[in-house]
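The values are calculated or read from the model by the stated rules, or taken from the named source; none is laboratory data. Just so we're clear, the structure is a prediction, and the values are computed from it rather than from any experiment. Note that we place each Cβ from the backbone using ideal geometry, even for glycine, and neighbour counts take in every protein chain shown.
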Amino acid sequence: MVKYRQILDLHFKSVSQRTISTSVGSSRNTVSDVITRAERAGVSKLTDDMTNAWLAKLLYPEKQAVEKGYYPPDWEKVHKELQKKNITLKLLHTEYSDEARSSGKLPYAYRSFTEKYNLYAKKHKATMPIKRKPGEILEVDWAGSTLSLKDRENGGDMPVYIFVATFPYSQYSYVEGFLDMKSSNWLTAHIHAFEYFGGVAESLVSDNLKTGVIKPVKGEPILNESYRELADYYQTSIVPGRARKPKDKPSVEGTVGFISRQIIAALRHYQCFSLAELNDQIRLRLDDINQEPFQKRPGSRKIVFDEEERDYLIPLRQPRLKLSEWRIARVQSNYHIQIDRMYYSTPYEYIQSDVDVRLSKDVLEVYFKEARIASHKRVYGE
């Protein structure tokens, strides 16, 4: 969600666009566009009635159009075009947008375009072509097998879950172990992978079961929102694969099996007490795999990535994204919400309403229908 009011508030306080971008979690292009549109609309100061929703309608009237106002893509044509050399979804979206505007209709945003194509592909069993383009997709998953650490207290085994990310074009991969598969580690793994690759793919293909269809439960993390926030920050898009449908993401499924044999099996007897030490061993074997010559094609994963794919990646955004967690909470009759046994106030008119809560290390923000209604310093109990 774009924080239009917060962006303009900081801008009117002479805060730099770079700092605003970091503060609100939007790209610098988004911040610049919001400020430019506000200037065109004659907004020179904020009043109390200028809510985030009000500003959204003023600055982006095209986004308020009803569904029938959008230009319908020809998905059959899109799918056929994707099978041609050097054709990407990004290019097809650009061409589609030009057609839409020429027809006096509104084009779907790129993220919506990719999501709707994915739905079309599932419905018609027309999965995206296996032949990929450099930098187009990064496929991500948790491996089915685990490694283990020794517990210092009782000497027992603690499972270590293995995250795998791979580019279908070059097969260049990133692997890291974590002590659980919670959303914070899922997001951290992505950030580490982006930094390892030195850039980001146009789209992320992930296991729908873990990232897209977890139903929000009051007081529990909403992985989908956090994942989308990460994708927005790094200017990529999420295209969920169907749960337990390996053909939706063949490269990562194949790489998971390969990594299981080459890394997990090789380290099955390795004993250590430190996750950092285990990840050092994983990295050594990963580097060997990425540099190992292909058997049926010239070069290696690293050579193909460095020479043919790296330049197509979206530049890595700095600074690193500060992770946040989203939850749903109910405003109680005392106009407070409860998070981790701590209470935070909201305006009284939201009593009995479900609200979205964004948690970072130091700040808690409360949103109702994408408008921020409260912000507090986060409090931790004993």
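Determine which single condition Ala56 fails, assuming it passes every other condition in (1) surrounded by fewer than 16 Cβ atoms within 10 Å (Cβ to Cβ); (2) within 26 Å of the chain's Cα centre (by Cα).
(1) is the only condition that Ala56 fails.
Within segment 157-167, is there a residue that is touching a strand residue (DSSP E or B) at 6+ places or on another chain (Cβ under 8 Å), outside the structural domain of Leu92 (by TED's automatic domain parsing) and modelled with pLDDT under 90?
yes
Out of the residues in segment 196-234 that are at pLDDT 85 or above and part of a strand (DSSP E or B), which is nearest to Thr94 (Cα to Cα)?
Ser203
Name the one entry in Ala100, Ala121 that is at pLDDT 85 or above, surrounded by 12 or more Cβ atoms within 10 Å (Cβ to Cβ), on the phi < 0 side of the Ramachandran plot and in a helix (DSSP H, G or I).
Ala100
What single numbered condition from (1) closer than 28 Å to Leu359 by Cβ; (2) surrounded by fewer than 16 Cβ atoms within 10 Å (Cβ to Cβ); (3) modelled with pLDDT under 85 fails to hold for Thr19?
Only one criterion is unmet by Thr19, namely (3).
If I go through segment 144-190 residue by residue, how many of them are within 16 Å of the chain's Cα centre (by Cα) and of a type in the set (Ser, Thr, Tyr)?
Residues meeting the conditions: 4.
Do you know which residues across segment 294-326 are modelled with pLDDT under 90 and of a type outside the set (Ser, Thr, Tyr)?
Matches in segment 294-326: Phe294, Gln295, Lys296, Arg297, Pro298, Lys322, Leu323, Glu325, Trp326.
Do you know which residues across segment 102-120 are in contact (Cβ under 8 Å) with a residue 24 or more places away in the chain and more than 24 Å from the chain's Cα centre (by Cα)?
The answer is Ser103, Lys105, Leu106.
This table checks each residue for (1) within 20 Å of Asn185 (Cα to Cα); (2) in contact with a Pro (Cβ under 6 Å, 6 or more places away or on another chain); (3) among the hydroxyl-bearing types (Ser, Thr, Tyr).
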residue	(1), (2), (3)
Ile264	yes, no, no
Ile282	yes, no, no
Pro298	no, no, no
Lys302	no, no, no
Leu316	yes, no, no
Ala329	no, no, no
Arg341	no, no, no
Tyr344	no, no, yes
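Before we move on, is Leu187 touching a His at 6+ places or on another chain (Cβ under 7 Å), crowded, with 19+ Cβ neighbours inside 10 Å, modelled with pLDDT of 80 or more and outside any strand (DSSP E or B)?
No, not satisfied.
Within the set of pairs 6+ apart or on separate chains, which have a first residue in segment 3-23 that is farther than 19 Å from Val366 by Cβ, a second that is basic (Lys, Arg) and assigned to a helix (DSSP H, G or I), and C-beta atoms under 7 Å apart?
Gln17/Arg28; Arg18/Arg28; Ser21/Arg28
If you scan segment 59-70, which residues turn out to be assigned to a helix (DSSP H, G or I) and modelled with pLDDT under 80?
Once the filter is applied, which keeps residues that are assigned to a helix (DSSP H, G or I) and modelled with pLDDT under 80, segment 59-70 yields Pro61, Glu62, Lys63, Gln64, Glu67, Lys68, Gly69.
Checking Asn279 against (1) touching a Leu at 6+ places or on another chain (Cβ under 9 Å); (2) at pLDDT 85 or above; (3) within 30 Å of Met158 (Cβ to Cβ): exactly one of these is not met. Which one?
Status for Asn279: all satisfied but (1).
Looking at (1) more than 30 Å from Glu136 (Cβ to Cβ); (2) surrounded by 12 or more Cβ atoms within 10 Å (Cβ to Cβ); (3) in contact with a strand residue (DSSP E or B) (Cβ under 7 Å, 6 or more places away or on another chain); (4) of a type outside the set (Ser, Thr, Tyr), which is the only condition Ala371 fails?
The single condition Ala371 does not satisfy is (3).
Is segment 150-157 home to any residue that is assigned to a strand (DSSP E or B), touching a residue at least 24 places away in the same chain (Cβ under 8 Å) and in contact with an Asp or Glu (Cβ under 9 Å, 6 or more places away or on another chain)?
Yes, segment 150-157 has at least one match.
Within segment 24-58, work out how many residues are over 22 Å from Ala231 (Cβ atoms), assigned to a helix (DSSP H, G or I) and in contact (Cβ under 8 Å) with a residue 24 or more places away in the chain.
Residues meeting the conditions: 4.
Which pairs turn up if I take residues in segment 298-321 that are under 28 Å from Asp232 (Cβ atoms) and look for partners that are part of a loop (DSSP other than H, G, I, E, B) and β-branched (Val, Ile, Thr) with beta carbon separation below 8 Å, at least 6 apart in sequence or on another chain?
Ile314/Thr236
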